[in-house]
1. Can you tell me how much longer the chain between K324 and E45 gets when fully stretched, taken as 0.36 nm per residue apart minus their C-alpha distance, in nm with one decimal?
2. Please compute the modelled spin-label separation between K117 and E195, points set 7 Å along Cα→Cβ, answer in nm with one decimal.
3. At 7 Å along the Cα-to-beta-carbon direction for both R170 and S97, put a label point, then send me their distance in nm to one decimal.
4. I want to verify a result. In a Gaussian network model of the chain, Cα cutoff 10 Å, which of these has the top mean-square fluctuation: H179, H140, H87?
5. Just how far, in whole angstrom, is the range 225-296 from the range 8-38 if you go by their alpha carbon centroids?
6. Pop out the Kirkwood hydrodynamic radius of the range 242-298 from its pairwise C-alpha distances, inverse of mean 1/r, in Å to one decimal.
7. So what is log10(I(q)/I(0)) for the chain at q = 0.07, 0.08, 0.12, 0.14 1/Å, when the Debye sum runs over its Cα atoms only?
8. Of the heavy-atom accessible surface of the chain (probe 1.4 angstrom), what whole percent is carbon and sulfur?
Amino acid sequence: MWKMDIINIYDNSDKLYYIGGVVRDKLLGIESFDVDITYVGDAVEYCAKFGKVVQENPDFGTIRVNVDGREVDFASTRAEVYEKKGHLPVVTKIGCSLKEDVLRRDFTVNALAMSVKTGEIVDYVGGQEDLKNKVLRVLHDKSFIDDPTRIIRGLKFRVRFGFDLEPKTRKLQEDYLAHINYDMSYKRVKKELIETFNLNSQYAFELFIKEEIYKLISPEKFEIPNVNVQELINKYPVEYPWLVYIGLLPNLARLDLTKEEKRIIEDFRSVGKLKTDFKIYKAFDGLTTESILLYAVSKDMKVALKYLDTLRNTKISITGDDLKSLGIEPSPKYQEIFDYVLKKKLKNPQITYEDEIQLVKNLIK
Ligand code: ATP
């Protein structure tokens with residue numbers, strides 16, 4: 001019996017196929033993030049025996065099973081139609097042929113299947129050839145109209161694998177971007193943007209702008225900033241690299257940003273010109289590095305780097321208790337005093353705790 005070498009299960013069925021990214025990655029000789037297996041028939045019924053069932057969705061014919069500590073998605077073969085372009089497709093048939101299942105996919109290199117029983121590759125669309133030539137090719141002319149998120153997925157795979165768009169696919173992308181239907185599922189667009197730009201690639205960003213893929217989010221013209229965002233993020237790590245790229249776009253209204261993401265954007269947009277070190281400090285103190293980098297790229301690099309490299313390390317030592325000990329009653333005056341000491345300290349970072357106390361004493365005299 002053939003033993004799967006990607007996951008550790010034994011099965012003699014000739015209806016089980018590795019499918020999609022896992023086959024592509026296997027042929028590229030790289031490890032896959034996740035393993036997808038399709039069963040020609042009802043996967044929920046057949047595949048539960050492979051391990052502990054983590055989750056199942058009989059309406060979609062999918063089941064997630066923990067196989068030897070690894071979560072594997074088993075899906076029934078299914079056919080879909082895009083009743084509403086740009087939105088999730090409707091499943092028309094569960095348990096269709098392998099060929100029908102493959103034809104609903106995004107790119108030929110993601111439409112390869114590999115028999116679990118024999119290891120044989122099933123290639124209905126020329127995916128192996130495209131993989132060899134390192135090109136991404138859609139399966140039909142309406143592919144981007146059905147699902148424009150594929151344009152961003154294409155960008156992601158181009159950057160991840162160093163692939164190029166096959167010429168006709170490039171033309172279809174251009175055509176679509178010249179006639180965008182903005183009624184699309186932005187939840188999925190956002191997911192793909194996050195995956196693409198968390199790769200932290202300047203190259204992805206340049207393609208995104210040069211090819212006007214950004215217009216999927218909003219049509220306002222956008223130019224490549226004269227800054228290498230990738231290097232900036234490498235030097236000043238952030239939790240959400242994608243937001244430092246996408247946050248630069250002039251209009252993000254279509255992306256359903258979380259409260260935290262909105263705050264990061266609003267914070268950098270609301271900071272204007274900053275003239276003194278004290279003003280820089282006060283403007284950036286408490287802001288995320290994402291907001292400060294967005295300010296750096298779009299407004300004033302020198303000011304932002306001055307804060308990140310030096311000013312932010314300045315901290316005053318005195319506390320409210322010190323002021324109380326000096327006989328000052330708690331009041332909003334405390335903040336004024338702290339700011340006064342901070343101003344002095346920004347000018348002269350060598351100031352000690354004792355110096356700070358002395359400054360306060362002189363001030364209240
Ligand atoms: P990754 O390594 O990023 O997981 P993947 O190819 O496995 O790459 P998934 O998003 O996990 O990507 O999708 C699994 C498979 O489902 C793809 O290989 C492709 O065949 C199909 N697929 C995913 N998204 C789409 C889409 N928008 N349109 C058509 N097919 C898709």
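The values are calculated or read from the model by the stated rules, or taken from the named source; none is laboratory data. This one's a predicted model, so the numbers in the text were calculated from it and none came from an experiment. Reconstructed Cβ throughout: ideal geometry from the backbone, glycine too, with neighbour counts over all protein chains shown. The protein model used for the area step is the full one, side chains on, heavy atoms only, and it has no ligands, DNA or RNA in it. Shrake-Rupley method; radii C 1.70, N 1.55, O 1.52, S 1.80 Å.
1. Values: separation 279, 0.36 × 279 = 100.44 nm, distance 7.24 nm.
The span from K324 to E45 would gain 93.2 nm if fully extended.
2. 3.1
3. In this crude spin-label approximation the distance works out to 3.4 nm.
4. H179
5. What the calculation gives is 40 Å, centre to centre.
6. This gives a value of 11.8 Å.
7. The Debye formula, applied to the Cα set alone, gives -0.46, -0.57, -0.94, -1.15.
8. On the way: 9160 of 18450 Å².
The nonpolar share, carbon plus sulfur, comes to 50 percent.
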